[in-house]
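Structure, as structure tokens:
The values are calculated or read from the model by the stated rules, or taken from the named source; none is laboratory data. None of the values given here were measured: they were computed from a predicted structure. Note that each Cβ is placed from the backbone with ideal geometry, even for glycine, and that neighbours are counted across all protein chains shown.
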Amino acid sequence: MFRKLVLAAAFAAIAIPAAAETTVTVKVAGLDAKAAHAVILEAAQVACRTELADQSSLVRSYTQPDCIRAAVAAAETKYADMRGLATR
């Protein structure tokens with residue numbers, strides 16, 4: 001019982017690291033997979049925009065899509081792992 005409570009608490013938020021220095025926390029508790037993806041994608045866009053703010057527009061246009069894809073992939077992997085642990 002205690003394990004499920006701890007996992008449920010951990011399931012409430014996911015940190016999205018856009019790069020080494022930017023982290024955004026996303027609350028996904030109570031969201032289905034589609035809604036969680038939308039929230040994660042939006043947070044990844046904000047994190048990557050913040051992380052690349054000091055870059056030229058040319059650099060941003062090339063690096064931002066990869067930054068967003070990597071951040072979303074990392075966060076959705078954490079989300080899937082947490083969902084899997086919460087159902088055990």
*Tally of residues being touching a residue at least 24 places away in the same chain (Cβ under 8 Å) and of a type in the set (A, V, I, L, M) across segment 71-80*: 4
*Residues being among the aliphatic types (A, V, I, L, M) and either at pLDDT 90 or above or within 17 Å of ASP66 (Cβ to Cβ) (or both) - total across segment 1-23*: 4
*Members of segment 30-72 that are exposed (fewer than 12 other Cβ atoms within 10 Å of the Cβ) and not in a helix (DSSP H, G or I)*: GLY30, ASP32, ALA53, ASP54, SER56
*ALA80 being of a type in the set (Gly, Ala, Ser) and in contact with a strand residue (DSSP E or B) (Cβ under 8 Å, 6 or more places away or on another chain)*: no
